[in-house]
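The values are calculated or read from the model by the stated rules, or taken from the named source; none is laboratory data. Computed from a prediction, not measured in an experiment: that's the story for all the values here. In this analysis, Cβ positions are derived from the backbone assuming ideal geometry, glycine residues included, and neighbour counts consider all displayed protein chains.
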C-alpha cells in the first residue's frame, strides 16, 4: 500500500464515513451520528482518504528518461559505494533528481 497517497480526515470528516458504516454494519443503526463520532474519537480510530496528485503532461513525457536515469543510478551504485562508502544516494528535498522523481510519483 502506498501511504504517501493517503490523507487523514479530521473530526469533521468522520460524518462522511458514518452512512457507509451503517450499510456495512446494520447494528449501528441504533446510534445517532453524533454518538458514533464520539465513539470514533474515544477509540482513537482515524480514517484516511486517498488524495489525487496531478502530474503535468510535460513531466509525464520525461518518464522514460527518469526510468533510464534510475537504472543508471542502480548500475553505478557499486562505484558510488567504493568512492563514498555509502550504499545510498544522498537525495534530499533540495536535490533536483529527487524533486523530479517526486513529481513523477517515483520517490
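When residues in the range 42-51 are screened for being at pLDDT 75 or above and either surrounded by 10 or more Cβ atoms within 10 Å (Cβ to Cβ) or closer than 18 Å to residue 107 by Cβ (or both), 0 of them pass. For residue 28, the stated conditions do not hold, so it cannot be described as at pLDDT 80 or above and assigned to a helix (DSSP H, G or I). If only residues of the range 52-89 that are at pLDDT 85 or above, outside any helix (DSSP H, G or I) and exposed (fewer than 10 other Cβ atoms within 10 Å of the Cβ) are counted, the one that is farthest from the chain's Cα centre (by Cα) is 85.
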